[in-house]
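Asker: Below you will find the structure I want to go over with you.
FYI, it's all coordinate maths here, none of it is from the lab. Treat the numbers as computed from the prediction; the structure is a model and nothing was measured.
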Amino acid sequence: MSLKTKKDELFDKAQAEYGKRLDRRLSLADLEDQVSRMEQMKTDPSVEAPKPKLVPKKVQNVITGNIFEYNELFGGNADLQVIEWAEAEDAVN
């Protein structure tokens, strides 16, 4: 007896049409809401515009207080705190 419930149908639809895996533990109303948002985003991509990628622009040394431009070499330094961000396109220019 493999009767499909409404949740199973929504789960299969989301995976087949949108390539997304839903959490079956959510309520039926939550799953329906997620699928309806996926349908809306597919028909109208302006619903959720992609967020610009941010990269560090200026950092401050937390010990000395010195402020300077970010360099990729500073990536793992725990003594530096980012104080100014820039969008990825701006960082290239």
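Asker: Residues with amide H under 5 Å of residue 70's amide H, sequence separation 5 or more or different chain, H placed in the peptide plane at 1.01 Å from N; which?
Answerer: 58, 59
Asker: As I understand it, the value is the acute angle between the Cα axis of helix 28-43 and the longest principal axis of the Cα atoms of the chain; what does it come to in degrees, rounded to 10?
Answerer: 70
Asker: To the nearest 500 deg cm²/dmol, what mean residue ellipticity at 222 nm is calculated for the chain from DSSP H runs of n ≥ 4 alone, each contributing -39,500 (n - 2.57), summed and divided by the residues?
Answerer: -9000 deg cm²/dmol
Asker: What does the convex hull of the alpha-carbon atoms of the chain project to on average, in nm²?
Answerer: Seen from a random direction, the Cα hull of the chain projects 10.5 nm² on average.
Asker: Right, something else. May I ask for log10 I(q)/I(0) of the range 6-47 at q = 0.17, 0.23, 0.25, 0.27 Å⁻¹, from a Debye sum over the Cα atoms as equal point scatterers with solvent left out?
Answerer: Debye output, listed in q order: -0.40, -0.70, -0.81, -0.91.
Asker: At 0.36 nm per residue, minus the direct Cα-Cα distance, what do residue 66 and residue 51 gain on full extension? Give it in nm, one decimal, please.
Answerer: Here the segment from residue 66 to residue 51 would lengthen by 2.4 nm.
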